[in-house]
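The values are calculated or read from the model by the stated rules, or taken from the named source; none is laboratory data. What you see is a predicted model; the values in this text were computed from it and never measured. Note that we place each Cβ from the backbone using ideal geometry, even for glycine, and neighbour counts take in every protein chain shown. Please note that ligands, DNA and RNA were not included when accessible areas were found on the heavy atoms of the full protein model with its side chains. Shrake-Rupley method; radii C 1.70, N 1.55, O 1.52, S 1.80 Å.
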Amino acid sequence: MHSPILITGAGQRIGLALAQYLISQAQPLIITYRTRHASIDALEAAGVTCMYADFSTDDAIFSFIEQLRNTTSSLRAIIHNASSWDCEDNNPDYSQLFDNMMRIHCKVPYLINMACGELLQNSESHHSDIIHLTDYVVEKGSPKHIAYAASKAALDNLSKSFAAKLAPKVKVNSIAPSLIIFNEHDSAEYREKTLKKSILGLEPGSQEIINTIELLLNSNYITGRTLPVDGGRHLK
Ligand SMILES: NC(=O)C1=CN([C@@H]2O[C@H](COP(=O)(O)OP(=O)(O)OC[C@H]3O[C@@H](n4cnc5c(N)ncnc54)[C@H](OP(=O)(O)O)[C@@H]3O)[C@@H](O)[C@H]2O)C=CC1
Ligand SMILES: Nc1nc2c(c(=O)[nH]1)N=C([C@H](O)[C@@H](O)CO)CN2
């Protein structure tokens, strides 16, 4: 029996697409969800262990970690996908926004990684992996998502530290996407403006992230690095 892969925040969008792909590959899965989207019923029917987790407090983070350690003795990989793309315009309480961004994007991965290194070492696979979903804005910052960008930069730095701490069994990397999939509420004007930000000018879809995750899972020699998936946005 292969050790399971953990994906955080897999109830929708990229995390859900990744979960559906890994199910198709007969990969045992554990996912976390906050909102019980209809997708969770389907994932459970497919044999996925779906764990409720709202990572909005330290107690909730530690409670999840305890549940996880009672659920499995090994992990093939941890994919830190859960995220909140929040901004200063929507949050006049900058202190609360900053704490929320740092908690979901950096404290949650940090505490889970610190508690689950042993589970990754127990995997029967030659290597195990931690993959952090960061963001292209780690490179440039973002004047409209200042706290978000800073928290993703902190997450990116975790990849370097955990790569050194957990080698040679565990590889640790970041994936830094720019536009992958729009949100349903995105206006035509926003979509047009955003597509022009990269030199390839497209909305690639979740498969681009799935391909990148597969590359990392199958690698024997990439660790402590960030793979950009951004349509050449840095060349605009
Ligand atoms: N989509 C894109 O174009 C891009 C995505 N990325 C990154 O890729 C990853 C996946 O993106 P995407 O699929 O759009 O992500 P989403 O914005 O759909 O968020 C993923 C999940 O995170 C969960 N989540 C948010 N806050 C919390 C919390 N406090 N506790 C528990 N779960 C929480 C959400 O739960 P709920 O369902 O309850 O809301 C959601 O299902 C993210 O890390 C994102 O930052 C980076 C650049 C571009
Ligand atoms: N958690 C999320 N993070 C991000 C999202 C998202 O929908 N959820 N979307 C983006 C944008 O696509 C951006 O890359 C391009 O405008 C960034 N992060």
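Below are the figures for this structure:
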{"read-out": "5 angstrom amide H check on ASP54, placed H, neighbours 5+ away", "value": "none"}
{"read-out": "Whole-Hz ³J(HN,Hα) from phi, Karplus 6.51 cos²θ - 1.76 cosθ + 1.60, for the stretch 174-188, glycine and proline x", "value": "10, 10, 10, x, 9, 3, 10, 9, 5, 8, 4, 7, 5, 6, 4"}
{"read-out": "PHE55 accessible area, 1.4 Å probe, all protein chains in place, Å² to nearest 10", "value": "20 Å²"}
{"read-out": "Choice from ASN81, ASN100, ASN70 showing the highest fluctuation, given a GNM over the chain with Cα pairs closer than 10 Å", "value": "ASN70"}
{"read-out": "Total formal charge among the other residues, if their Cβ is under 14 angstrom from that of ARG13, Lys/Arg +1 and Asp/Glu -1", "value": "-3"}
{"read-out": "Those lysines that a straight Cα-Cα span of less than 24 Å connects to LYS171, excepting residues fewer than 8 apart in one chain", "value": "LYS107, LYS152, LYS160"}
{"read-out": "Ranked by how many other beta carbons lie within 10 Å on average, peptides 14-21, 171-178 from highest", "value": "171-178, 14-21"}
{"read-out": "Hz values of 3J(HN,Hα) by residue in the stretch 47-56 - Karplus curve (6.51, -1.76, 1.60), Gly and Pro given as x", "value": "x, 7, 7, 9, 10, 5, 7, 9, 7, 8"}
{"read-out": "Whole-Å distance, taken between Cα centres, linking the stretch 33-91 and the stretch 96-155", "value": "14 Å"}
{"read-out": "Per residue accessible area of the stretch 10-121, 1.4 Å probe, in Å²", "value": "48 Å²"}
{"read-out": "Percent of beta bridges antiparallel (DSSP, the chain, rounded to nearest 5)", "value": "0 percent"}
{"read-out": "For THR226, distant residues with modelled amide H under 5 Å away", "value": "SER174"}
{"read-out": "Hz values of 3J(HN,Hα) by residue in the stretch 226-236 - Karplus curve (6.51, -1.76, 1.60), Gly and Pro given as x", "value": "10, 9, x, 10, 9, x, x, 4, 5, 9, 6"}
{"read-out": "Whichever lysines have a C-alpha closer than 20 Å to that of LYS236, once near sequence neighbours (fewer than 8 apart) are set aside", "value": "LYS140, LYS144, LYS193, LYS196, LYS197"}
{"read-out": "Radius, Kirkwood style, for the chain when every pair of distinct Cα atoms is counted (Å)", "value": "18.1 Å"}
{"read-out": "Residue among LEU217, LEU166, LEU200 with the largest mean-square fluctuation in a Gaussian network model of the chain, springs linking Cα atoms under 10 Å", "value": "LEU200"}
{"read-out": "Cut-off 15 Å between beta-carbons: net charge of the residues surrounding ILE61, Lys and Arg +1, Asp and Glu -1", "value": "-1"}
{"read-out": "The chain, accessible surface, carbon-and-sulfur percent (1.4 angstrom probe)", "value": "51 percent"}
{"read-out": "Nearest-10 value in Å² for the accessible area of ASP86, using the 1.4 Å probe", "value": "40 Å²"}
{"read-out": "Amide hydrogen neighbours beyond the local backbone of LYS171, cut-off 5 Å, H modeled", "value": "SER128, ASP129, ILE130"}
